[in-house]
Amino acid sequence: MADLSREELDGIYAFAVNLGKEAGRMLMDAAQLRFGDERPKEKEHVEKENAVDLVTQTDEDVEAFIKDQITKKYPLHKFIGEETYSKGASRDYLIGNEPTWCVDPLDGTVNYIHLFPMFCVSIGFIVNGKATIGVVYAPFLNQLFSACSGRGAWLNETQQLPLVRNPIPPMPAKAPAGCVFSCEWGKDRKDRPDSNLHRKVESFVNMAAEIGGRNGRGGMVHGMRCLGSATLDLAYTAMGSFDIWWEGGCWEWDVAAGIAILSEAGGLVTTANPPENEATAPVEEVKLGSRLYLAIRPAGPSPTETGREGQERTVREVWRRVRNLDYSRPGA
């Protein structure tokens with residue numbers, strides 16, 4: 001399919017930003033029903049795949065609102081939402097070349113249930129398989145992240161990302177040492193010796209351990225952060241607050257908007273799993289839908305390397321310390 005014109009894309013961008021604000025207000029309105037001593041009886045939570053992956057009626061209400069607004073404005077566009085997809089039997093990769101909206105009405109559902117403020121609405125727009133527009137609104141924090149290809153990435157529509165820009169810092173010379181590393185425990189909690197959970201834990205300890213520890217794999221990262229929202233992990237990487245994000249198991253609605261924002265800010269997104277020869281394998285852009293992601297913040301040049309070279313060096317240092325994760329899906 002031919003690319004959309006600049007005018008068409010700008011119109012879709014403005015529409016997506018307003019839609020994100022409205023959907024975020026819906027999330028806060030529902031959350032505020034739980035504030036104080038007198039409140040309506042809460043609807044019971046419904047379990048999805050396990051006790052960690054909780055969903056409330058709010059997810060479905062907000063997704064229905066977003067889908068209705070998109071269908072009215074752009075009836076020929078495809079829509080993929082986290083809630084509607086989850087109710088289907090298929091786990092096929094559904095994104096093609098047609099203009100597609102990819103939406104998570106509430107990323108950080110467990111946070112939302114516990115009123116931990118790291119939750120958001122995530123609206124991605126994809127053209128020719130590429131995340132082109134991203135809107136992420138965290139209403140409890142009053143943080144709106146947005147980006148459109150060729151238009152920059154922004155916080156609250158006024159502050160360009162990354163936040164530190166004069167100049168944009170290079171990657172630390174001894175990365176991952178000196179980096180803030182973002183990761184998530186995920187929903188796969190099988191307690192088996194070679195499960196994804198155990199592979200993640202080993203990788204986390206490698207990244208955190210002292211230099212020279214863990215048989216030379218100790219990364220001595222500056223800090224480790226776990227927000228409970230893949231979307232916000234990517235947004236904070238675009239902001240430059242996180243240097244590295246490593247994760248497996250995400251679906252495209254978890255990452256589409258965040259990838260659009262991070263890419264437009266100048267970040268790099270590749271695969272989480274190290275290739276056979278991580279020292280020489282090319283660092284390629286990850287395919288949306290792969291479920292395996294490694295993101296590096298925007299980086300400026302140093303006296304010895306370009307920003308991209310610093311990002312790729314950091315990727316290889318992360319690959320050297322992490323285990324392969326096993327997340328697959330049909331058609332990806």
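I'd like the trypsin sites (Lys or Arg not before Pro) in the stretch 78-153 restricted to DSSP loop residues with at most 15 other Cβ atoms within 10 Å, sorted by number.
Lys87, Arg91, Arg151
Please arrange Phe15, Phe125 by counting, for each residue, the other beta carbons lying within 10 Å of its beta carbon, fewest first.
Listed from fewest to most nearby Cβ atoms, that is Phe15, Phe125.
Out of all DSSP beta bridges in the stretch 180-319, what portion is antiparallel? Express it as a percent rounded to 5.
Of all bridge pairs located within the stretch 180-319, approximately 55 percent are antiparallel.
Provide the gained length on full extension for the span Glu305 to Gln159, in nm with one decimal, where the gain is 0.36 nm per separating residue minus the Cα-Cα distance.
Residue separation times 0.36 nm, minus the Cα-Cα distance, leaves 49.8 nm.
Give Lys72/Lys287; Lys130/Lys174; Lys78/Lys130; Lys190/Lys287 a once-over and call out the pairs whose C-alpha atoms are over 21 Å from each other.
Exceeds cut-off: Lys72/Lys287; Lys130/Lys174; Lys190/Lys287.
Could you pull out every whole DSSP H run in the chain that spans at least 20 Å of Cα extent along its own axis and averages -0.5 or higher on the Kyte-Doolittle scale?
Going by DSSP H runs, the hits are 6-32.
Return P(r) of the stretch 78-162 (all Cα-Cα pairs; 10 Å bins starting at 0; whole %; ordered from short to long distances).
17, 40, 33, 10, 0
If you take the square roots of the eigenvalues of the alpha-carbon gyration tensor of the stretch 157-218 and sort them as a ≥ b ≥ c, do you get rounded (a/c under 1.5), prolate (a/b over b/c) or oblate?
oblate
Would you please classify the overall shape of the stretch 209-332 from the alpha carbon gyration tensor, given that a ≥ b ≥ c denote the square roots of the eigenvalues, rounded means a/c under 1.5, and beyond that prolate means a/b larger than b/c while oblate covers the rest?
The shape class here is rounded.
Expressed as cubic angstrom per residue, what is the convex hull volume of the alpha carbon set of the chain?
150 Å³
Counting Lys and Arg as +1 and Asp and Glu as -1, each charge on the Cβ, what is the dipole of the chain about the Cα centre in debye, to the nearest 20?
Charge dipole of the chain: 660 debye, to the nearest 20.
No value in this document is a laboratory result; all are computed from the given coordinates. Because the structure is predicted, anything quoted here is derived from the model rather than measured. No Cβ is skipped: glycine too gets one built from the backbone with ideal geometry, and neighbour counts run over all protein chains shown.
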